[in-house]
1. Ratio of Rg to Rh for the chain, alpha carbon only, Kirkwood?
2. Along the positive direction of the dipole of the chain (beta-carbon charges: Lys, Arg +1; Asp, Glu -1; about the Cα centre), which of GLN226, LEU59, ALA132 reaches farthest?
3. Hull surface divided by four, with the convex hull built on the Cα atoms of the range 1-136: how many nm²?
4. For LEU94, enumerate residues with amide H under 5 Å from its amide H, sequence gap 5+ or separate chain, H modeled in the peptide plane.
5. How large is the helix-only mean residue ellipticity at 222 nm for the chain, computed as the sum of -39500 (n - 2.57) over DSSP H runs with n ≥ 4, divided by its residue count, in deg cm²/dmol to the nearest 500?
6. Net charge near GLU247: determine it from the other residues with C-beta under 13 Å of the C-beta of GLU247, scoring Lys and Arg +1 and Asp and Glu -1.
7. Could you tell me which of ILE261, ASN250, VAL215 has its Cα farthest along the dipole of the range 129-275 towards the positive end, charges placed at Cβ (Lys, Arg +1; Asp, Glu -1), taken about the Cα centre?
8. Could you give the DSSP H helices of the chain that reach 27 angstrom or more along their long axis (alpha carbon positions) and whose average Kyte-Doolittle hydropathy is no lower than 1.6?
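Just so you know, all these numbers are worked out from the coordinates, no wet-lab data involved. Please read all numbers here as calculations on a predicted model, not as lab measurements. Here Cβ is always computed from backbone atoms with ideal geometry, including for glycine, and neighbour counts include all displayed protein chains.
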Amino acid sequence: MEKAKNGNDVKQNKTIKILQFTDSHLGASTNETLLGLRTEQSLCDVLEKIAASETDIDLLVATGDISNDGSAESYDRFLSLVYRYLPNTKLAWLDGNHDDPAGMDAITLARPIEKHLIIDNWSIVFLSSRVAGEERGELPLSELDRLTSLLQKYPQHSTVIFLHHQPVPIGCEWVDGYTVSNAKDFFKVLDQYPRVKVVAWGHVHQDFRQVRNDVVLLATPSTCIQFKPNCENFTVDRLMPGYRLFELHNDGHWTTEVRRISHRDYPINFVSSGY
Ligand SMILES: [Fe+2]
């Protein structure tokens with residue numbers, strides 16, 4: 001169901017503030033861990049930092065792997081935490097390879113935005129790149145067609161696209177096997193619409209930036225464990241969990257920055273060869 005109309009705001013001459021947070025990997029149990037880290041704890045730490053340090057947030061975007069097990073309980077717990085720390089803040093979400101649309105559909109709390117949102121002169125598009133039962137991503141024709149329709153419908157709007165999987169290799173061989181496998185088709189669409197400014201994703205649990213044909217491509221750190229950049233094999237990083245801030249201006253200019261929580265002594269297995 002198209003949810004854009006629910007969230008349309010009319011605001012003039014104000015900077016739009018979007019916070020992307022991603023890959024929280026919550027479980028059905030509150031004690032779900034990833035490499036020893038209790039994922040609910042680190043999500044709460046990130047939400048606490050956002051609540052303490054960010055004001056006037058227009059939109060929160062959770063870019064997939066919200067759950068580690070796809071359970072309805074994990075999505076309800078995710079929502080209750082977000083709504084507790086950041087009440088009355090608009091939330092959008094999309095699915096990752098660890099998510100289960102059935103679990104996301106079974107939530108009992110207020111439903112996040114899922115498809116698209118217009119805020120002032122900006123069009124914000126959420127794409128699903130999940131392939132059932134696989135770690136790689138793919139953008140089905142239906143999603144590429146929906147993206148094309150939105151770009152045609154809002155030709156004067158600057159556009160930000162969020163999805164879960166990376167559409168380009170990020171320099172970590174072990175996770176670059178799980179990119180968007182039809183990224184060529186995705187970029188073929190983007191190349192026709194110069195108002196696309198940003199593509200941002202999660203999945204790779206690290207900060208990454210690249211520019212392709214004037215479109216800035218960004219990965220965002222996870223709210224739980226971090227993966228070390230430029231590693232051939234699975235390697236856990238010691239950087240802290242974090243999120244990404246976007247500030248979008250009416251004239252099409254924008255800025256972004258990754259922000260992380262202050263150091264915590266999480267009991268993480270840093271020498272693990274996988275997760
Ligand atoms: Fe993922």
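1. So for the chain, dividing Rg by the Kirkwood Rh gives 0.93.
2. LEU59
3. On the way: hull surface 34.0 nm².
Across all orientations, the range 1-136 yields a mean hull projection of 8.5 nm².
4. Here ALA62, GLY64 satisfy the definition.
5. Mean residue ellipticity, 222 nm, calculated: -6500 deg cm²/dmol.
6. Computed value for this residue: -1.
7. The listed residue farthest towards the positive side: ASN250.
8. None pass (Cα extent of 27 Å or more, hydropathy at least 1.6).
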